[in-house]
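Structure first, commentary second.
Read-outs throughout are calculated quantities, based only on the coordinates presented, and are distinct from any laboratory measurement. The model shown is predicted, which means the values in this text are computed figures rather than measured ones. Here Cβ is always computed from backbone atoms with ideal geometry, including for glycine, and neighbour counts include all displayed protein chains.
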Amino acid sequence: MTTPAVSYFRITDGPWTLSAWDGTTSSGSNPKSTDSETRPASSTCGRIGNLKLCDSFHHYGNHLTKEDSVESATYDGNDSHYFDYRGNIWDGYAHPPSADCSSNLIIKAQQKALLKLKNQDLHLGNFVAEAHKTIEMVAGHAETIAKQVLNFRRHSPKAWKQVKRVQTGGLPRHRWHEIPNDWLELQYGWLPLMSDINGGLQHLQKRKRFSLPLVHVSGRSEDSDIFNTTHSSRIGTTIQADWKCKFRVHCFLTYGLSSPVLAELSSLGLINPLEIVWEVTRYSFVVDWFLPVGDWLSSLTADVGYDFISGGHTETVETKFSGYRVLSVNHFVKMLIDPYFNVTGQHKAFDRHCYPTSPSPGLYVKNPLSHVHVANALSLLVQAFK
């Protein structure tokens, strides 16, 4: 059952009051809170068996409320100046800046998913088990036939010479009586073996792409950052609000196994020779420190032996108020309440993007200052000075 589209944006005002030294007051309102949500109507995307195919989607929403504040001013000799200002004192509505997940995060998640695809334990799939049974059957039947031929040659050398003489090349029907009976009996025994081989191979060849065992892989990446907005009060105070944004990318891919042999060779690093060349290149780890070239080369051939069926990635951005600092203030203003500026609620954005084909990974930049890299750096230094 589909759900209808949603789209609304609401701003709610909050009151403020000003009191002057001469007893006069004034009042008004400013935008205090925002509520919004946007998403399209749901759709009935296609399926392959129990697999629900990727369908593009977006969902944005926020609920943000500015808390009331108080500003007070010292007497400057002018009775008409305000000394007290309270309520929703900040002009404009509090809204974080829009932010998107970086291409760096998307590429990183794609590579993680593709590397998992490459490291699949192929021998656990039903199709691979079936293929291996066929391969074992072919090998076993071939070995049986080979042993029977060797035994025939060893025990019936004269008949073997006759076989080679009359069955070299095409043999006309009127000369079939020249074939030794023992050899004919032996060949008739091979017919069920050859039938098994042919049937097994035909069965594997006729399997449709989407009836192959499905392989699901995924990769995740995340990051965070701080963004700023500037707000001014009615009596001249300016603050900078800090917003903490969390970015998350989830890449999900589904493949059908089309060639177990190629997939196995790819998982062993034998399809892409550049992987091996890179790993033995002197000082390649120095470049990998910043740019994961090794993983990139490996992921280039990760989908060898597979047919892409469906996949995509999601981007999630969550933004929350994390604090503020005062940038400027009039000399006669003093602040009485802490927190002076506070926003509750959050802004959240969700996007799902679908791939028409298997993604081609790019290079992403790693953070060389993470705690893992610091530990690795110290380890390298110790080894260098030993």
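HN-Hα J couplings of the stretch 184-194 from phi, Karplus 6.51/-1.76/1.60, θ = phi - 60°, integer Hz, Gly and Pro as x?
5, 4, 5, 5, 4, x, 7, 4, x, 5, 5
Quick check on the exposure proxy: order Trp90, Trp183, Trp16 from fewest to most C-beta atoms within 10 angstrom.
Exposure proxy ranking, most exposed first: Trp183, Trp16, Trp90.
Which of Lys244/Lys348; Lys116/Lys246; Lys52/Lys108; Lys32/Lys320 have a Cα-Cα distance over 20 Å?
In this structure, Lys116/Lys246; Lys52/Lys108 exceed 20 Å between Cα atoms.
Taking 41 Å as R0, compute the FRET efficiency from the Cβ-Cβ separation of Cys45 and Asp196 and round it to 0.05.
0.45
Return His313, His155 ranked ascending by Cβ neighbour count within 10 Å, so the fewest neighbours appear first.
In increasing order of surrounding Cβ atoms, one gets His155, His313.
Quick check on the exposure proxy: order Ile89, Ile48 from fewest to most C-beta atoms within 10 angstrom.
Least to most surrounded, the residues fall as Ile48, Ile89.
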